[in-house]
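Enquirer: The structure under discussion is supplied below as structure tokens; questions concerning it will follow.
The values are calculated or read from the model by the stated rules, or taken from the named source; none is laboratory data. What you see is a predicted model, and the numbers here were worked out from it, not measured in a lab. Positions of Cβ are generated from backbone atoms using ideal geometry, with glycine treated the same way; all protein chains shown enter the neighbour counts.
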Amino acid sequence: MVDKDLLRFLGVPDGYIAGLGRDYPHPKIAHLYEGTFENPGDPMCARGWNRDEGQSYSIWRNNIGERGVCRVCLRRAQKGLKGVQPKRTQQSVQPTRCGRW
């Protein structure tokens, strides 16, 4: 488990938690999630969505990989940006009307 002092030392602002994917072999880099331990919220980069082809995630909350925290997540958190949404699948894309239909 990671305490808030370590996250602060790594440059992570308050309001984010680190999460390590539950894959095997274990990922070497953790991602940041905009939220709390009880409700992690959205990941700060697309790689944080690690299940169902980018539609969900499964993480060990408050854990950091042996290589630390994802640089993309860290930069986005430091800028105060919102977490990223799951990627859209072809089935979820609605057709749009172009021109005069």
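Enquirer: Of everything in the stretch 26-68, what is among the basic types (Lys, Arg) and touching a Ser or Thr at 6+ places or on another chain (Cβ under 7 Å)? Give them in sequence order. Reasoning before the result, please.
Expert: Initially, the stretch 26-68 is screened for residues among the basic types (Lys, Arg), giving 28, 47, 51, 61, 67.
Result: Arg51, single match.
Enquirer: Would you be able to tell me the number of residues in the stretch 33-70 that are exposed (fewer than 14 other Cβ atoms within 10 Å of the Cβ) and charged (D, E, K, R)?
Expert: 5
Enquirer: Of all residues in the stretch 39-87, count the ones that are outside any helix (DSSP H, G or I) and farther than 14 Å from Leu10 by Cβ. Spell out the reasoning first.
Expert: Here is the first cut: in the stretch 39-87, the residues outside any helix (DSSP H, G or I) are 39-45, 49-70, 80-87.
Checking which are farther than 14 Å from Leu10 by Cβ leaves us with 39-43, 45, 49-61, 80-87.
Of the residues in the stretch 39-87, 27 are outside any helix (DSSP H, G or I) and farther than 14 Å from Leu10 by Cβ.
Enquirer: Separate question: Suppose we keep only residues that are surrounded by 11 or more Cβ atoms within 10 Å (Cβ to Cβ) and touching a residue at least 60 places away in the same chain (Cβ under 8 Å) within the stretch 71-81. Which one would you say is nearest to Gly21 (Cα to Cα)? Outline the logic, then answer.
Expert: Keep residues of the stretch 71-81 that are surrounded by 11 or more Cβ atoms within 10 Å (Cβ to Cβ), which gives 72-78, 81.
In the following step, the residues that additionally are touching a residue at least 60 places away in the same chain (Cβ under 8 Å) were identified as 74, 77-78.
Values: Leu74: 16, Ala77: 19, Gln78: 22 Å.
Step by step, filter the stretch 71-81, then rank; the result is Leu74.
Enquirer: Counting just the residues of the stretch 8-28 that are surrounded by 18 or more Cβ atoms within 10 Å (Cβ to Cβ) and within 15 Å of Trp60 (Cβ to Cβ), which one comes out farthest from the chain's Cα centre (by Cα)?
Expert: Ranking the candidates gives Pro27 first.
Enquirer: Would you please name the residue that is nearest to Arg67 (Cα to Cα), looking only at residues in the stretch 2-26 that are assigned to a loop (DSSP other than H, G, I, E, B) and in contact with a helix residue (DSSP H, G or I) (Cβ under 9 Å, 6 or more places away or on another chain)?
Expert: Quick first cut of the stretch 2-26, residues assigned to a loop (DSSP other than H, G, I, E, B) only: 2-3, 10-15, 22-26.
Checking the rest, the ones that are also in contact with a helix residue (DSSP H, G or I) (Cβ under 9 Å, 6 or more places away or on another chain) come to 10-15.
Details: Leu10: 12, Gly11: 15, Val12: 15, Pro13: 19, Asp14: 21, Gly15: 22 Å.
Among those residues, the one meeting the criterion is Leu10.
Enquirer: Inspect the stretch 56-70 for any residue being over 22 Å from Lys4 (Cβ atoms), among the small types (Gly, Ala, Ser) and modelled with pLDDT under 90 and give the result as yes or no.
Expert: Kept after step one, since they are over 22 Å from Lys4 (Cβ atoms), are these residues of the stretch 56-70: 56, 58.
Narrowing the set further to residues that are among the small types (Gly, Ala, Ser) leaves 56, 58.
Subsequent filtering for residues that are modelled with pLDDT under 90 retains 56, 58.
Yes, because at least one residue in the stretch 56-70 is over 22 Å from Lys4 (Cβ atoms), among the small types (Gly, Ala, Ser) and modelled with pLDDT under 90.
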